[in-house]
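Participant: Dropping a structure here in C-alpha cells format, bear with me for questions.
The values are calculated or read from the model by the stated rules, or taken from the named source; none is laboratory data. Quick caveat: nothing in here was measured; it's all calculated off a predicted structure. Glycine gets a Cβ as well: all are built from the backbone with ideal geometry, and neighbour counts include every protein chain shown. Ligands, DNA and RNA are excluded from the accessible area calculation, which covers all protein heavy atoms including side chains. Shrake-Rupley method; radii C 1.70, N 1.55, O 1.52, S 1.80 Å.
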Amino acid sequence: MMNKFKSFVKSNKRTFIVLLFSLVSLFCYNVTKNGIGNELFGWLRLWKYVSYLFILITLYLLFLKGKRVILANLTLLAVLLMLVETTLFFVLGMPSAIRKDFRVPEDLPENGIFRQVGAGYYPDSIYHDVKVIGNNDTVFNVHYSIDHMNKRITPGFDSSKTNYALFFGCSIGFGYGLEDDQTLAYQVQEQSPNTNSYNFCISATGTNHMLAELQYRDLSKQVAEKDGCGYYIFFWDHIYRAIGTMHRYTEWLHLAPNYEMKDRKLIRNKSFKDGRPFSSFFYERLYQTNIVKYFEIDLPMKLNETHFDLVTEMILESKKEYEKQFGNDKFYLVMYPNYVVYTPEEMRIFKSFLTKKKIMFIDLSKVIIYQGKYTLGGDSHPNAETNKLIAKILLQRTKKQRFN
C-alpha cells in the first residue's frame, strides 16, 4: 500500500508540489489574518480564494488520476462553487469583510436583563441619540430617559389616575428618534384622561424579547394602577427576529432568547447562539460569502406555518404571563402600519393562528400608507404626529371593542 502511494506521488510530483505550496499559502493567510484585526481587506480575501482554488483543483486532478470518481466529482462541485464565489467577489468590487465575535460575553450576569431578555437599557440613565445624513443634515437629536427598572420614562405621571396602559415591542413603540413626550405611550396617556402609560418597549427586539421580559420579572410591581390593558405593538419584522433568521442573527440578535416547540409545548432554550449551535455555526460562516451578499439571501428563505405557529405561541405565552401578573385578559396585539413587505397569504395565515389561539388583535396596518410625512424624514421610524394619530385610532378601536 505504501509503495503504491509513493509511486502515485512520484508520478504526480508537480501536482503534489502545487498542493503543498497552496496549503502553505493558506496557512500563511491564516497567520496574517489573525494578526491584522477584525477587518479582512479585499486583497486578503482574494489570497484566501486563490489558495482554496489551487487546493481544490489539485485535489480534483489527484482524485481523477487515482480513479476516485465520487471524490473527484464532489471536489469538482467545490471548485465550481469557489469559482462562482470568487467571480462574485470581483463583481461586488472586492469588498472587505468584518469578523464579528459571536461568543456569549462572560461578564454578563446570568440573572441580569441583558442575559435573560437579550437586550435592554441601563437603569437610571439618559441616552443621547443623534442621526446625521447626507451633507450634515440632522434627522434627529434626542434623549431617551430610562428609569431604575430599565424602562423608558413616560412624562406626566399622575398618581390620581386609576388605569394603566402597558406597551411592549421594538423601536416603534419605544420611540426611536423621538423625545420622551413624543412616543406612542405618551400620546395614549395624553388622550386618555384617566390613564398612565408604561413603556416596556426595547429597540431592535422581537416577540421573543417581549416574552422573555414578561418572564424575567413581575412587571405589575412597577404599576400603581389596578386596571388597564397591555398593548403589544407588532411589526412584521418581529417574526423574522423571533425565529432568528441568518440576517438578524448575524447583524444583532445572536444573544436573543431562543424559543422552540417541543412536544407541542413552547420552551426557552438559552439564546440563539448557545441554544441552537448547529444553525448558528452555519449562519456565522455563510452570511458574509459573496454568493449570499450578491443574491441577498436570508435563511430560512420563506416563512411557513411552523414559523407562524411558533411566533403566535410566544404571543399567547406573553398574554398568559400578562394575565397572571395583572389579573385580566386585556392584552392586545396592535398591528402597526408596516413598510416591511409581506404577502396577503402570509398575513391571512398569521391572523388565522392568532384567531385560533384566541389572541385579540387590532389591525391598524392599513390606516395609513406608511411613508413620507409619517416618518422622521431621513429615517423610516414614525414621527410624533404619526404616533398622535395612531394613538387616537387605537383608543377608538379599544373603546369600541373592535378586535380581530
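Participant: Only one of these is under 17 Å from Val188 (Cα atoms) and touching a Cys at 6+ places or on another chain (Cβ under 8 Å): Thr386, Thr398. Name it.
Facilitator: Answer to the check: Thr398.
Participant: Additional query: Yes or no: region 56-69 includes at least one residue that is under 25 Å from Thr250 (Cα atoms) and modelled with pLDDT of 95 or more.
Facilitator: So far as region 56-69 goes, no, none of its residues is under 25 Å from Thr250 (Cα atoms) and modelled with pLDDT of 95 or more.
Participant: So which residues in region 339-364 are assigned to a helix (DSSP H, G or I) and exposed (fewer than 12 other Cβ atoms within 10 Å of the Cβ), if there are any at all?
Facilitator: Pro344, Glu345, Arg348, Lys356
Participant: Between residues in region 148-159 that are open to solvent by 40 Å² or more (accessible area, probe 1.4 Å) and residues that are at pLDDT below 95 and assigned to a loop (DSSP other than H, G, I, E, B), which pairs lie under 8 Å by C-beta distance while being six or more apart or on different chains?
Facilitator: Ser159/Ala224
Residues are listed down the side, and each one gets a yes or a no for (1) closer than 24 Å to Asn196 by Cβ; (2) free of Cβ contacts under 8 Å to residues at least 40 places away in the same chain; (3) aromatic (Phe, Trp, Tyr); (4) touching a Lys or Arg at 6+ places or on another chain (Cβ under 6 Å):
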| residue | (1), (2), (3), (4) |
| --- | --- |
| Pro344 | no, yes, no, no |
| Met347 | no, yes, no, no |
| Phe353 | no, no, yes, no |
| Lys357 | no, no, no, no |
| Leu364 | yes, yes, no, no |
| Ala384 | yes, no, no, no |
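Participant: Could you grab the pairs with beta carbons closer than 7 Å, sequence gap of 6+ or different chains, first residue in region 249-264 and farther than 18 Å from Leu211 by Cβ, second one among the aliphatic types (A, V, I, L, M) and in a loop (DSSP other than H, G, I, E, B)?
Facilitator: So the pair list comes out as Trp252/Ala204.
Participant: Out of Gly93, Gly35, Gly42, which single residue is closer than 17 Å to Ser25 by Cα, loosely packed, with under 14 Cβ neighbours inside 10 Å and either within 34 Å of the chain's Cα centre (by Cα) or of a type in the set (S, T, N, Q) (or both)?
Facilitator: When all the criteria are applied, what remains is Gly35.
Participant: List the number of the failed condition for Tyr121; all other conditions in (1) closer than 28 Å to Gly169 by Cβ; (2) of a type in the set (Ser, Thr, Tyr); (3) open to solvent by 40 Å² or more (accessible area, probe 1.4 Å) hold.
Facilitator: (3)
Participant: In addition: With of a type in the set (Phe, Trp, Tyr), in contact (Cβ under 8 Å) with a residue 24 or more places away in the chain, more than 30 Å from Leu310 (Cβ to Cβ) and in contact with a strand residue (DSSP E or B) (Cβ under 6 Å, 6 or more places away or on another chain) as the only criterion, which of Phe140, Phe167, Phe200 stands out?
Facilitator: Phe140
Participant: Quickly run through region 365-390 and pick out the residues that are in a loop (DSSP other than H, G, I, E, B), among the β-branched types (Val, Ile, Thr) and touching a Phe, Trp or Tyr at 6+ places or on another chain (Cβ under 7 Å).
Facilitator: Ile368 - this is the single residue of region 365-390 that is in a loop (DSSP other than H, G, I, E, B), among the β-branched types (Val, Ile, Thr) and touching a Phe, Trp or Tyr at 6+ places or on another chain (Cβ under 7 Å).
Residues checked against (1) within 20 Å of Gly173 (Cα to Cα); (2) open to solvent by 30 Å² or more (accessible area, probe 1.4 Å); (3) modelled with pLDDT under 95; (4) within 20 Å of the chain's Cα centre (by Cα):
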site: His238; (1), (2), (3), (4): yes, no, no, yes
site: Gly244; (1), (2), (3), (4): no, no, no, yes
site: Ile291; (1), (2), (3), (4): no, yes, no, no
site: Asn304; (1), (2), (3), (4): no, yes, no, yes
site: Leu333; (1), (2), (3), (4): yes, no, no, yes
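Participant: Going by the conditions given, is Ser365 under 23 Å from the mean Cα position of the chain (by Cα), within 19 Å of Phe235 (Cβ to Cβ), at pLDDT 95 or above and of a type in the set (Gly, Ala, Ser)?
Facilitator: It is false that Ser365 is under 23 Å from the mean Cα position of the chain (by Cα), within 19 Å of Phe235 (Cβ to Cβ), at pLDDT 95 or above and of a type in the set (Gly, Ala, Ser).
Participant: Give, as residue ranges, the strands (runs of 3 or more DSSP E) completely inside region 103-196 that count at least 2 residues that are under 27 Å from Ser220 (Cβ atoms) and aliphatic (A, V, I, L, M).
Facilitator: Once the strands (runs of 3 or more DSSP E) in region 103-196 are filtered for at least 2 residues that are under 27 Å from Ser220 (Cβ atoms) and aliphatic (A, V, I, L, M), what remains is 163-169.
Participant: In this structure, does Ile172 turn out to be under 26 Å from Val334 (Cβ atoms), touching a Pro at 6+ places or on another chain (Cβ under 7 Å), surrounded by 19 or more Cβ atoms within 10 Å (Cβ to Cβ) and in contact (Cβ under 8 Å) with a residue 60 or more places away in the chain?
Facilitator: Yes.
Participant: Quick one: which residue in Leu61, Leu20, Leu76 is touching a residue at least 24 places away in the same chain (Cβ under 8 Å) and more than 18 Å from Gln288 (Cα to Cα)?
Facilitator: Among Leu61, Leu20, Leu76, only Leu61 is touching a residue at least 24 places away in the same chain (Cβ under 8 Å) and more than 18 Å from Gln288 (Cα to Cα).
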